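Engineer: This is the structure, below, for whatever I ask next.
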Amino acid sequence: MKSRIIGTGSCLPAAKVTNDWLSTKMDTSDEWIVSRTGIRERRIAREETTTDMAEQAARLALEDAGIAPEDLDLILVGTITADHVTPSAACELQARLGAGNAMAFDINAACSGFLFALESADAFLGTGRFRNVLVLGAETLSRIMDWTDRSTCVLFGDGAGAAVVRREEVGILSFDHGCDGSKGDALICRNRGNNNLLVQSDTDLDYVHMDGQEVYKFAVKTVPASIGKALEKAGLQAEDIKYFFLHQANLRILQSVAKRLHISVDKFPVSLDHCGNISAGSVPILLDECNRKGYLEKGDKIVLCGFGAGLSWGTAVMEW
């Protein structure tokens with residue numbers, strides 16, 4: 001028996017923020033952003049919270065899977081932008097859904113968060129004590145952006161994606177995951193400093209800082225290698241795969257990975273043009289968009305791959 005995705009869902013905030021609009025707020029332009037990233041617009045939360053978006057994505061995934069919230073045994077949320085330090089986004093979501101039978105916790109692995117959560121779900125299902133797991137990637141990244149840093153803030157957006165996973169005869173064939181913490185400073189957002197009876201500090205909260213060149217070099221080298229390892233474990237070749245659902249960070253990265261794998265870039269669906277980079281939300285949102293458009297048929301072989309802060313990466317090969 002394998003872990004299989006049986007339902008998907010996603011949610012984006014209502015507000016669209018185009019490159020042209022950003023150019024009225026900072027020294028940038030649509031041409032500059034598109035030529036370097038492929039991003040044309042992103043969704044930014046006004047009133048929506050991470051839990052709000054996670055709830056909507058979860059309900060759609062549960063509906064697609066044909067199961068009720070009380071049937072869930074576990075809820076895993078990949079996120080770096082939960083609404084509170086505690087309780088976790090997963091616990092808040094459990095309460096919203098009325099999924100009282102489910103254990104729930106968050107996984108902080110940034111852009112690899114959904115893939116790390118998916119492998120965790122597979123491990124829990126493998127014990128035989130869990131039947132239905134809800135896996136999400138949900139982010140409100142606009143909260144942790146420095147909106148005066150035009151090189152970084154224009155890349156990111158908000159949203160949530162969800163998948164229901166359970167044991168069936170077909171499903172996930174292999175995983176490959178890894179981290180290189182020695183390069184963590186390439187994409188970092190520092191926490192609050194000590195401010196207590198022993199240490200007095202009025203340091204402001206930090207925002208996301210990124211060394212774009214370092215992250216790009218990491219991605220174009222690590223992602224093809226990870227996909228290659230996962231394909232080898234599954235006994236498949238790149239040409240056997242119908243679609244590669246990669247984290248939506250940069251169009252140039254997708255093109256480079258396709259070139260290194262010697263396959264057509266047409267096999268790499270794209271949502272970054274209208275979503276931007278949604279960290280843990282990118283892969284499940286893209287998967288849901290394609291699922292609802294009817295791109296996937298039973299028996300299709302697909303690859304999911306997340307990569308980014310940590311630095312971290314995760315790949316899954318599966319049969320749909």
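The values are calculated or read from the model by the stated rules, or taken from the named source; none is laboratory data. Remember, it's a predicted structure, so these values are computed and weren't measured experimentally. Every residue, glycine as well, gets a Cβ built from its backbone with ideal geometry; the counts of neighbours run over all protein chains shown. Just the protein is used for accessible areas: all its heavy atoms, side chains included, with ligands, DNA and RNA removed. Shrake-Rupley method; radii C 1.70, N 1.55, O 1.52, S 1.80 Å.
Engineer: Going through the stretch 258-290 one residue at a time, which ones are over 16 Å from the mean Cα position of the chain (by Cα) and of a type outside the set (Gly, Ala, Ser)?
Structural biologist: Correct list: LYS259, ARG260, LEU261, HIS262, ILE263, VAL265, ASP266, LYS267.
Engineer: On to the next question. Pairs, please: C-beta under 8 Å, at least 6 apart or cross-chain, first residue assigned by the TED database to the domain that holds THR86 and in the stretch 97-114, second assigned to a strand (DSSP E or B) and surrounded by fewer than 21 Cβ atoms within 10 Å (Cβ to Cβ)?
Structural biologist: SER112/HIS177
Engineer: Of the numbered conditions (1) assigned to a loop (DSSP other than H, G, I, E, B); (2) within 30 Å of ARG36 (Cβ to Cβ); (3) open to solvent by 90 Å² or more (accessible area, probe 1.4 Å); (4) not small (Gly, Ala, Ser), LEU197 fails exactly one; give the number of that condition.
Structural biologist: It is condition (2) that LEU197 fails.
Engineer: For the stretch 200-216, give me the residue count where each residue is part of a loop (DSSP other than H, G, I, E, B) and touching a Gly at 6+ places or on another chain (Cβ under 8 Å).
Structural biologist: Number satisfying all stated conditions: 2.
Engineer: Among the listed residues ASP20, ASP106, ASP52, ASP83, identify the single one that is open to solvent by less than 60 Å² (accessible area, probe 1.4 Å), assigned to a helix (DSSP H, G or I) and closer than 24 Å to ARG143 by Cβ.
Structural biologist: Answer to the check: ASP52.
Engineer: Out of the helices (runs of 4 or more DSSP H) lying entirely within the stretch 217-320, which hold 2 or more residues that are open to solvent by 10 Å² or more (accessible area, probe 1.4 Å) and farther than 25 Å from VAL170 by Cα?
Structural biologist: By residue number, 251-261, 272-275.
Engineer: Further, regarding this structure: I'd like the full set of residues that are among the acidic types (Asp, Glu) and assigned to a strand (DSSP E or B), limited to the stretch 23-49.
Structural biologist: Of everything in the stretch 23-49, just one residue is among the acidic types (Asp, Glu) and assigned to a strand (DSSP E or B), namely GLU41.
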